[in-house]
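Asker: For reference, the structure I am asking about is given below.
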Amino acid sequence: MTSEIFEKVLRKWDSQLRGNKKKIILFIDNCPAHPQIQNLTNIKLAFLPPNTTSAIQPIDQGIIKTLKRHYRKLLVEKMLNDIEKSTTPFAVYLLDAIEMITRAWARVTPDTIKKCFSHAGFGKFSAFNTTDEDSDDELDNLPLARLSSAEATVTDLETYVNIDNQVITTDNLTDN
């Protein structure tokens, strides 16, 4: 993401919102690619305080973890299906990854998103039914149930889901 791309996308979105007669407030972190943008009519930018993103940004309150959990379940399911077919070796191509991430995102429920916003302190969502647990659906866990015969444990699943939690994915820009 660059500040130029960010501004172009926001200006286009602002125009669409204006056409639909809707106004929004967009909470964003203080990433250098997120500059102040003047003359937006239907989008108000609200910047999160520095060094608080991981503590109060809703996406960091469980949405990413839930998305990763669903994606990795789909990945394991693909691996198991490829092994069962045994006609081709296991491989994940770019199109496979795009399709799996799309299906994984579709499995992130509105209740999960509401809970994450609520946990981050955004508004009061308590009036909504937030009893959803994304991982309780028996059919959703079916591929992992096959792994239980291989003595996979919840601890192993948690390790698998959280394997990259400590990987640094962003950094401040420098002259280098």
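The values are calculated or read from the model by the stated rules, or taken from the named source; none is laboratory data. Computed from a prediction, not measured in an experiment: that's the story for all the values here. Glycine gets a Cβ as well: all are built from the backbone with ideal geometry, and neighbour counts include every protein chain shown. Remember, those area values only see protein heavy atoms, side chains included, never the ligands or the DNA or RNA. Shrake-Rupley method; radii C 1.70, N 1.55, O 1.52, S 1.80 Å.
Asker: Take the conditions of a type in the set (A, V, I, L, M) and either in contact with a Gly (Cβ under 6 Å, 6 or more places away or on another chain) or more than 24 Å from Q166 (Cβ to Cβ) (or both) and apply them to L80. Does it pass?
Answerer: Criteria met by L80.
Asker: Could you grab me the full set of residues in the stretch 80-92 that are surrounded by 10 or more Cβ atoms within 10 Å (Cβ to Cβ), free of Cβ contacts under 8 Å to residues at least 40 places away in the same chain and among the aliphatic types (A, V, I, L, M)?
Answerer: I83, V92
Asker: Quick one: in the stretch 93-106, of everything that is open to solvent by less than 90 Å² (accessible area, probe 1.4 Å) and touching a residue at least 12 places away in the same chain (Cβ under 8 Å), which residue is nearest to R69 (Cα to Cα)?
Answerer: Only one residue tops the list, namely A104.
Asker: Which condition breaks for P89 when tested against (1) in a loop (DSSP other than H, G, I, E, B); (2) closer than 25 Å to C116 by Cβ?
Answerer: Unmet for P89, out of (1) in a loop (DSSP other than H, G, I, E, B); (2) closer than 25 Å to C116 by Cβ: (2).
Asker: Same structure, new question: Please pick out the residue among L45, L40, L74 that is at pLDDT 90 or above and either over 26 Å from I113 (Cβ atoms) or assigned to a strand (DSSP E or B) (or both).
Answerer: Among L45, L40, L74, only L45 is at pLDDT 90 or above and either over 26 Å from I113 (Cβ atoms) or assigned to a strand (DSSP E or B) (or both).
Asker: Could you list all residues from the stretch 33-42 that are farther than 12 Å from F6 by Cβ and either touching a strand residue (DSSP E or B) at 6+ places or on another chain (Cβ under 8 Å) or among the basic types (K, R) (or both)?
Answerer: Listed by number, the list holds a single entry, N42.
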